[in-house]
Amino acid sequence: MFSWLGTDDRRRKDPEVFQTVSDGLKKLYKTKLLPLEEHYKFHEFHSPALEDADFDNKPMVLLVGQYSTGKTTFIRYLLEQDFPGMRIGPEPTTDSFIAVMQGDVEGIVPGNALVVDPKKTFRKLNAFGNAFLNRFVCAQLPNPVLESISVIDTPGILSGEKQRISRGYDFAAVLEWFAERVDRIILLFDAHKLDISDEFSEVIKALKNHEDKMRVVLNKADQIETQQLMRVYGALMWSLGKIVNTPEVIRVYIGSFWSHPLLIPDNRKLFEAEEQDLFRDIQSLPRNAALRKLNDLIKRARLAKVHAYIISSLKKEMPSMFGKDNKKKELVNNLGDIYARIEREHQISPGDFPNLRKMQDQLQAQDFSKFQPLKSKLLETVEDMLANDIAQLMVLVRQEESQRPTQMVKGGAFEGTLHGPFGHGYGEGAGEGIDDAEWVVARDKPMYDEIFYTLSPVDGKITGANAKKEMVRSKLPNTVLGKIWKLADIDKDGMLDDEEFALANHLIKVKLEGHELPNELPSHLLPPSKRKITE
């Protein structure tokens, strides 16, 4: 009879069905989150409404740093080619935001044209006005790296009040807008003149809610000696610890990201290893892009919920007729108490609340009488999205990732060390002797043979128990020694002959020298007498 009763409950229990993650994110945002944002003026306080381009765009990397820390040179190093509008020098050269993106032909698109292009994600930057748009361009060029990611170059951060005022736009707010939409934020520091100015400190604090995207590069590290580098690294970590209030330490990559010879080559191996780690992190962005967008939507939904509770609480406290101005001042001054009450009543984490002082400043210009009371249905719709629809999208994210396991950034500097003798670790550790005609283990085999014949070999082989007595002297963990045994026991008979024993000792030496063991034995390490067996 009353079949319409409970339809809302049934609809909430059955999650939406989506074909792709991108389509799912768009639909959830437009149908479930956007109505809540519009009802409580979320866009006037926090972030403009999202558009389709925000869900479809390639992963973006935002470079932030003081002037002359090597931001533009870093992009040049990644792309291995110049890009339109590029200027490099020791003085503050980059005075614009430059979005370096893929294009069929080289060229520059000015900011005012960018913000009217529906295919680009920059339309909402129009709110920052001409002072900013005159300092914003898109450099387009054909480059294999840019087929997978886009890079945002930013003006060098200066120190002093004069430079901050002369920009003509809210620099920190623009960076915060980009931070919400990019996949990785790289903070660059110059190892030779480490300093965090007041404006840089403000910028880092403006990126407070995006620590998961932040990485730090200590650039130009080849200009100082090893002992000084240790001190600079320690000073940087101490300074960041004061600004970034998180228990986790931000990952810091040390290196010299340009194509010139190293001034002090003592730490070459360290720089190579750090570069490879950073490249792997950047290369993973295309594969993790959908998960990042999903994560950002969840963060936005949580903030929108809290914002709705704050606005509706202020509306509830306002008198209907007289004394509105005085009550408004009182509510703004006591906003911290309102935060605490909402936190208790709705079991909301303190970390979900917007910055108290910034919210107070924004409320000063608002007409509280135009605020809306609490509308439970809108909040329930967002709760349903977080509880059910997001879970289904997570499954879809994993499916899409498994179907595109090799999706990663290619070309430019990412290709330079993949193949040939200049690949990271080539000819070192387990790779030693890879190009030699002679078996590399043979060099030390006479020494290993002396030990072998003291272990009571029978028919030219020693038992596992006897081999263990010698191998444990290395003091390596049993898990490592077990892996070495599997690699060395080539014929899998549970015993080692003299060549296999020599190979086991060689692998122990490799591990003790700080190198990683291979998962499979490289062909150049196979003992000569065993090579026919494996073939």
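The values are calculated or read from the model by the stated rules, or taken from the named source; none is laboratory data. Here the structure is a predicted model, which means the values were calculated and not measured. Heads up, the Cβs are rebuilt from the backbone with ideal geometry, glycines too, and the neighbour counts pull from every protein chain shown. Heads up: the accessible areas ignore ligands, DNA and RNA and are worked out on the full protein's heavy atoms, side chains in. Shrake-Rupley method; radii C 1.70, N 1.55, O 1.52, S 1.80 Å.
Structure above, values below:
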item	result
Residue match in region 34-43 (condition: within 21 Å of ARG292 (Cα to Cα), free of Cβ contacts under 8 Å to residues at least 60 places away in the same chain and open to solvent by less than 40 Å² (accessible area, probe 1.4 Å))	yes
Enumerated helices (runs of 4 or more DSSP H) restricted to region 327-415, each holding at least 2 residues that are assigned by the TED database to the domain that holds LYS32 and more than 28 Å from PHE18 (Cβ to Cβ)	335-346, 356-364
All positions within region 515-533 that are assigned to a loop (DSSP other than H, G, I, E, B), open to solvent by 40 Å² or more (accessible area, probe 1.4 Å), of a type outside the set (D, E, K, R) and touching a residue at least 60 places away in the same chain (Cβ under 8 Å)	HIS515
Residue count, region 236-258 (criterion: closer than 15 Å to ASN219 by Cβ and open to solvent by 40 Å² or more (accessible area, probe 1.4 Å))	2
Residue list for region 205-225, restricted to those being open to solvent by less than 10 Å² (accessible area, probe 1.4 Å), in contact with a strand residue (DSSP E or B) (Cβ under 7 Å, 6 or more places away or on another chain) and of a type outside the set (S, T, N, Q)	LEU207, LYS213, MET214, VAL216, VAL217, LEU218, ALA221
Matching residues in region 121-155 - criterion: being of a type outside the set (Ser, Thr, Tyr), open to solvent by 10 Å² or more (accessible area, probe 1.4 Å) and assigned to a loop (DSSP other than H, G, I, E, B)	ASN134, ARG135, PRO142, PRO144
Yes/no for LYS316 being open to solvent by less than 70 Å² (accessible area, probe 1.4 Å) and part of a helix (DSSP H, G or I)	no
Every residue from region 461-495 that is in contact with a strand residue (DSSP E or B) (Cβ under 7 Å, 6 or more places away or on another chain) and open to solvent by 40 Å² or more (accessible area, probe 1.4 Å)	LYS461, THR463, MET495
Scan of region 342-379 for residues that are surrounded by 13 or more Cβ atoms within 10 Å (Cβ to Cβ) and of a type in the set (D, E, K, R), ordered by number	GLU343, ASP352, LYS375
Residue list for region 259-302, restricted to those being open to solvent by 70 Å² or more (accessible area, probe 1.4 Å) and closer than 30 Å to PHE42 by Cβ	ARG302
Whichever residue in region 187-198 is within 18 Å of THR73 (Cβ to Cβ) and touching a helix residue (DSSP H, G or I) at 6+ places or on another chain (Cβ under 8 Å) and, among such residues, is most open to solvent (accessible area, probe 1.4 Å)	HIS192
Condition met for SER320 (modelled with pLDDT under 90 and small (Gly, Ala, Ser))	yes
Residue in region 436-443 that is touching a residue at least 12 places away in the same chain (Cβ under 8 Å), part of a loop (DSSP other than H, G, I, E, B) and open to solvent by 50 Å² or more (accessible area, probe 1.4 Å) present	yes
Boolean, PHE178 is open to solvent by less than 20 Å² (accessible area, probe 1.4 Å) and in contact with a Ser or Thr (Cβ under 7 Å, 6 or more places away or on another chain)	no
Residue in region 138-160 that is under 23 Å from the mean Cα position of the chain (by Cα), assigned by the TED database to the domain that holds LEU79 and either of a type in the set (Phe, Trp, Tyr) or at positive phi (or both) present	no
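Matching residues to (1) of a type in the set (D, E, K, R); (2) farther than 18 Å from PRO48 by Cα; (3) in contact (Cβ under 8 Å) with a residue 24 or more places away in the chain:
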| site | (1), (2), (3) |
| --- | --- |
| GLY107 | no, yes, yes |
| ALA113 | no, yes, no |
| LEU125 | no, no, yes |
| ASN130 | no, no, no |
| LEU133 | no, no, no |
| ALA139 | no, yes, yes |
| LEU146 | no, yes, yes |
| ASP153 | yes, yes, yes |
| ARG167 | yes, yes, yes |
